[in-house]
Amino acid sequence: MDIKVLKGDLLSVEADAIVNPANSRGLMGGGVAGVIKRRGGEEIEREAVSKAPIPVGSAVLTTAGSLPFKAVIHAPTMEEPASPSDEEKVRKAVRAALELADRECFEVIAFPGMGTGVGGVPKEVAARAMLEEIRSFPAKCLKKVVLVDVDEEMVRAWEEVLGL
């Protein structure tokens, strides 16, 4: 599977779906989730909430609203909004998002840093966990994962793990 790292806006990448580092309640108040809701529409959050609770280690698909994607994959990195996350929750969220994307036969998905905002996971820890999960995933349909973040430190952490 091809892995591409970009500094930039998650909502501007070319992908079939984007991943929202969600909470189990499906609420989209702050961070990446808040940006997705503001730019894509309230219906994204309404649908996510209707599918809650979403346990850490699982993921759900919703509409992408007015965003140019087939779907948004909500993969919780925390149970409650703005609660702490950890490396294991990041791993579970990434694995769940990859499994759902592959089941839906998406070819390209995009991830921001997972658990690194309000979740407080150190960027180097999240980068290593994310890339280990992506590299070990036995994809059938998925061909490419785009790792994209506006945070230069997150981008550098992915690049260091990849040896770029």
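The values are calculated or read from the model by the stated rules, or taken from the named source; none is laboratory data. The model shown is predicted, which means the values in this text are computed figures rather than measured ones. Cβ atoms come from the backbone with ideal geometry, glycine included; neighbour counts cover every protein chain shown.
Is at least one residue of region 134-144 crowded, with 19+ Cβ neighbours inside 10 Å and in contact with a Gly (Cβ under 9 Å, 6 or more places away or on another chain)? So far as region 134-144 goes, no, none of its residues is crowded, with 19+ Cβ neighbours inside 10 Å and in contact with a Gly (Cβ under 9 Å, 6 or more places away or on another chain). How about region 142-154: which of its residues are more than 19 Å from A97 (Cβ to Cβ) and of a type in the set (A, V, I, L, M)? Within region 142-154, just V150 meets the criteria. Can you find even one residue in region 115-129 that is farther than 19 Å from A17 by Cβ, of a type outside the set (A, V, I, L, M, F, W, C) and without any contact (Cβ under 8 Å) to a residue 24 or more places away in the chain? Among the residues of region 115-129, at least one is farther than 19 Å from A17 by Cβ, of a type outside the set (A, V, I, L, M, F, W, C) and without any contact (Cβ under 8 Å) to a residue 24 or more places away in the chain, which makes the answer yes.
Please go through region 139-159 and pick out each residue that is part of a helix (DSSP H, G or I) and over 15 Å from the mean Cα position of the chain (by Cα). The answer is E152, E153, R156, A157, E159.
Can you say whether S58 is surrounded by fewer than 22 Cβ atoms within 10 Å (Cβ to Cβ) and either farther than 22 Å from L11 by Cα or out of contact with any Gly (no Cβ under 9 Å at 6 or more places or on another chain) (or both), as far as the supplied structure shows? Here the answer is yes, as S58 does meet what is asked. For region 80-138, the tally of residues that are modelled with pLDDT under 95 and of a type in the set (D, E) stands at 1.
Restricting to region 74-130, and then to whatever is of a type in the set (K, R) and more than 21 Å from K143 (Cα to Cα), can you tell me which residue is surrounded by the fewest Cβ atoms within 10 Å (Cβ to Cβ)?
Narrowing region 74-130 to residues of a type in the set (K, R): 89, 91-92, 95, 103, 123, 128.
From what's left, more than 21 Å from K143 (Cα to Cα): 89, 123.
Values: K89: 23, K123: 19.
Checked region 74-130; the qualifying residue surrounded by the fewest Cβ atoms within 10 Å (Cβ to Cβ) is K123.
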